[in-house]
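Taking it in order: structure first as structure tokens, then the write-up.
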Amino acid sequence: MAAFGETLRARKLMVMAGIASLFLAAGAIVAHAAWEWAFHDLPPVPETAEDLWRVRMEPTVTLLDSDGAVLAIRGPLYGMPARLDDLPPHVAQAFLSIEDRRYFDHDGVDWRGTIRAMLANVRAGRTVQGGSTITMQLVKNLILTPERTMRRKIQEMRLAMALERVLTKEEILELYLNRIYFGEQAYGIEAAARRYFNKPASELTVQEAALLAALPAAPTRLAPTDNLAEAQARATNVLSAMRDAGFLSPMDYIVANATQAEPVESAFRPGGMQQYGHLFDYAVTEAQRLLGPDNDVPDLVIETTLDTRLQNAAQEVVTNRLERDGPAARAGEAAAVVLDSNGAVRAMIGGRDYVSSQFNRAIQARRQPGSAFKPFVYLAALEADYSPSSVFNDTPVTYDNWSPVNFGGGNRGQMTMEDALKRSVNTIAAQVGMLVGISEVAEMARRMGITTPLNEVPSLSLGSSEVRVIDMAASYLVIANDGRRLDPYFVTTIRTTRGDVLYKRPEETRTQQVIARGHARAMSTMLQAVVLDGTGRRAAVPGHRVAGKTGTSQNSRDAWFVGYSAQYAAAVWTGNDDDSAMANVTGGGLPADIWREIMVAAHEGERAQPLAAPAPRVRSEREERLVAFYSGLSADFDRVLSGGRLN
């Protein structure tokens, strides 16, 4: 009987053990299923703070002018990294007070706060408290999706604790401040400070820090530019939390609470495309060229050579002139480029309105330069041992069934090369081009900086091949710089929003002597005469010596003025995108007026500087005819002495 009882007890124990094993197995299965449910798609924890800086950073490009001021942004506004040590203590304290007061005491999850939030939500029957720590918020924003489910909350907790094992509290807090969203496309404390208060984060007051700390809870709804009253109400709660946490004394709290922070009206708004769109496109294209095709950095800050004051003035000049004179002149568009003496692009007008047309006429358009091309012809002649006083006969000529005529018709007879350029005589430019060789003229233009294909036909001497506005400005800069070529440049530095420098233009600029200094100065003297008493008189800049040349293509489809002072070279084009003719517009009219007004703005506040070349002697037309006559006699006499024949 005793044996039977022992056997029965053994069987019961076996059954119980079996049941327990079943429960344990079922529990393990459930636990495994729960684990898989919660963590099967859990992303890895970044091992360093560096790995988190650009996680989920949307493509963004920031355009800066030569002073480092922000002109425009495409994409979100990311600020430069703000280090905790560079921020006033009250900035971090404001966020800790309202978001995570026990931040330095927990391991990524504030269990006390989590339980308190759960009880509050149960009592309210809805979510009224989040219970998320700063570390959990960082995980949600940079590693996980923002969906609000129990599974995501569990993942946040696990990743937050894991993150705190690889990063310090200071690193996590710094990342949080630099990557949190503040509304109005502003990410990070630096971007928010500049967006709402037009100042760096290092200069934020207590009130301003409290207002910014109020935003992450609902950045879109609380953005102070749209909902200032509610944002300020929550900022008051932040100040109270700072007082309760011991970060503000009672007196400091009273003082801070007495005045509310308000965004300044002049604070930067991301955009600027209407005013700086053509420049933005040009800067991005140049950045891509400089960085190469393998660059995949999503955030770029491009610093340029742009003079914002001059750019705005130039745009205003072009807009006003086209609105005032454009309709009668049937001139619908204009473009302009201003270079300084080092080749830096200081202003660029790609058209009258970027919104209606993104086509950049200063860079992309190819238009006939007309007589603005003639300096290349005469420079080739100077290299072929002709001189400004060389005499030619203004008479009808024909080359390959092409017979050039002068503007307004008629011929003037003998005149010097200098006078022919000043009065823009077509027949003589055509003769000179054929004498020195059209291929030599084309080679001279390329050497000076013309990058477009040139058709080597007789009419090239009168600017029949198409060129770019920026190339014309650069070519005339060669003359101003005594024959030294400096290619235009616009981008000086490219970096990421974190400050990593990807490209920096060398301080030493390479120059190339492409024409002899004596030839450059001779041409410069001739071009000064164009402005003093030639076709370009309307381009004269009061108080400054300038030189330049007018240009008009056939039927006034294009009209140009290109020229320079000691400080700047500039090219202006007017015309129509459909290549339709303007109403008798010449380079000495509307383009010269625009050029003059832009150059007046460029020289505002600058002391006048002399050109390297001497000024021309201004002669009357009668004196010029006498000079041409006697120069012609001298040339004939030289030919006789050398055994040549008179023409």
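Remarks
- Close pairs from region 599-616: first more than 20 Å from Ala571 (Cβ to Cβ), partner among the polar types (S, T, N, Q) and surrounded by 15 or more Cβ atoms within 10 Å (Cβ to Cβ), Cβ under 6 Å, at least 6 apart: Pro614/Thr525; Ala615/Gln528; Pro616/Thr525; Pro616/Gln528
- Residue that is nearest to Phe373 (Cα to Cα), among those in region 453-473 that are open to solvent by 10 Å² or more (accessible area, probe 1.4 Å) and of a type in the set (A, V, I, L, M): Leu462
- Residues of region 598-613 that turn out to be assigned to a loop (DSSP other than H, G, I, E, B), hydrophobic (A, V, I, L, M, F, W, C) and under 11 Å from Gly543 (Cβ atoms), as a count: 1
- Flag if Ser371 is modelled with pLDDT under 95 and either under 40 Å from the mean Cα position of the chain (by Cα) or within 26 Å of Met599 (Cβ to Cβ) (or both): no
- Test for Leu173: is it at pLDDT 90 or above, assigned to a helix (DSSP H, G or I), under 14 Å from Val139 (Cα atoms) and more than 26 Å from the chain's Cα centre (by Cα): yes
- The condition of being in contact with an Asp or Glu (Cβ under 7 Å, 6 or more places away or on another chain) and surrounded by 16 or more Cβ atoms within 10 Å (Cβ to Cβ) does not hold for Val338.
- Inspection of region 169-181 identifies at least one residue that is under 24 Å from Tyr103 (Cα atoms) and among the aromatic types (Phe, Trp, Tyr).
- The listed residues are Ala570, Ala592, and the only one of them that is touching a residue at least 60 places away in the same chain (Cβ under 8 Å) and closer than 30 Å to Phe359 by Cα turns out to be Ala570.
- For Ser439: the one exception among (1) part of a loop (DSSP other than H, G, I, E, B); (2) closer than 28 Å to Pro488 by Cα; (3) among the small types (Gly, Ala, Ser); (4) open to solvent by 10 Å² or more (accessible area, probe 1.4 Å): (1)
- Residues (among the hydroxyl-bearing types (Ser, Thr, Tyr), open to solvent by 10 Å² or more (accessible area, probe 1.4 Å) and touching a strand residue (DSSP E or B) at 6+ places or on another chain (Cβ under 8 Å)) located in region 570-594: Thr586
- Residue within region 351-368 that is outside any strand (DSSP E or B), open to solvent by 10 Å² or more (accessible area, probe 1.4 Å), within 30 Å of Val618 (Cβ to Cβ) and not aliphatic (A, V, I, L, M) present: no
- Any hit, region 342-350, residues being at positive phi and either open to solvent by less than 60 Å² (accessible area, probe 1.4 Å) or in a helix (DSSP H, G or I) (or both): yes
- Contacts under 7 angstrom Cβ, first residue in region 517-546 being at positive phi, partner open to solvent by 10 Å² or more (accessible area, probe 1.4 Å), 6 or more apart: Gly543/Ala608
- Filter result for Thr535 (within 20 Å of Arg361 (Cα to Cα) and open to solvent by 10 Å² or more (accessible area, probe 1.4 Å)): no
- Among the numbered conditions (1) at positive phi; (2) open to solvent by less than 20 Å² (accessible area, probe 1.4 Å), the only one that Leu382 does not meet is (1).
- Lone qualifier among Ala193, Ala186, Ala209, Ala223 - being buried (at least 21 other Cβ atoms within 10 Å of the Cβ), under 32 Å from the mean Cα position of the chain (by Cα), at pLDDT 85 or above and closer than 27 Å to Asp105 by Cα: Ala209
- Residues located in region 330-341, provided they are in contact with a helix residue (DSSP H, G or I) (Cβ under 7 Å, 6 or more places away or on another chain) and in a strand (DSSP E or B): Ala334, Ala335, Ala336, Val337, Val338, Leu339
- Here Arg447 clears all of (1) in contact with a helix residue (DSSP H, G or I) (Cβ under 7 Å, 6 or more places away or on another chain); (2) of a type in the set (Lys, Arg); (3) open to solvent by 50 Å² or more (accessible area, probe 1.4 Å) except the condition numbered (1).
- Matching option when the condition is closer than 20 Å to Ser357 by Cα and open to solvent by 40 Å² or more (accessible area, probe 1.4 Å), among Glu230, Glu323, Glu303: Glu323
- Hits in region 106-148 (condition: in a helix (DSSP H, G or I), modelled with pLDDT of 75 or more and not aliphatic (A, V, I, L, M)): Trp111, Arg112, Thr135, Gln137, Lys140, Asn141
- Test: Asn411 is open to solvent by 20 Å² or more (accessible area, probe 1.4 Å), over 24 Å from Val572 (Cβ atoms), in contact with a Ser or Thr (Cβ under 7 Å, 6 or more places away or on another chain) and not acidic (Asp, Glu): yes
- Verdict on Thr497 being at pLDDT 95 or above and either touching a Cys at 6+ places or on another chain (Cβ under 8 Å) or of a type in the set (Ser, Thr, Tyr) (or both): no
- Selection count where residues are within 16 Å of Met526 (Cβ to Cβ), in a helix (DSSP H, G or I) and among the β-branched types (Val, Ile, Thr), scope region 414-435: 2
- Annotation: of all residues in region 401-413 being within 47 Å of the chain's Cα centre (by Cα) and part of a loop (DSSP other than H, G, I, E, B), the one that is nearest to Ala430 (Cα to Cα) is Pro404.
- Tally, over region 547-581, of residues that are under 21 Å from Pro610 (Cβ atoms) and out of contact with any Gly (no Cβ under 9 Å at 6 or more places or on another chain): 4
- Residue check, Asn342 under 32 Å from the mean Cα position of the chain (by Cα), of a type in the set (S, T, N, Q) and more than 30 Å from Gly518 (Cα to Cα): no
- In this structure, Thr550 qualifies as of a type in the set (S, T, N, Q), closer than 14 Å to Trp595 by Cβ and not in a loop (DSSP other than H, G, I, E, B).
- Among the residues of region 445-503, those identified as of a type in the set (Gly, Ala, Ser) and part of a helix (DSSP H, G or I) are Ala445, Ser459, Ser461, Ala473, Ala474, Ser475, Ala480.
- Within region 62-105, the residues that satisfy the criterion of being assigned to a helix (DSSP H, G or I) and out of contact with any helix residue (DSSP H, G or I) (no Cβ under 8 Å at 6 or more places or on another chain) are Asp85, Pro89, Asp105.
The values are calculated or read from the model by the stated rules, or taken from the named source; none is laboratory data. Given the structure is predicted, the values throughout are model-derived calculations rather than measurements. Neighbour counts run over all protein chains shown; Cβ positions are idealised from the backbone, glycine included. Each accessible area value is taken on the protein alone, full model and side chains, heavy atoms only, with ligands, DNA and RNA left out. Shrake-Rupley method; radii C 1.70, N 1.55, O 1.52, S 1.80 Å.
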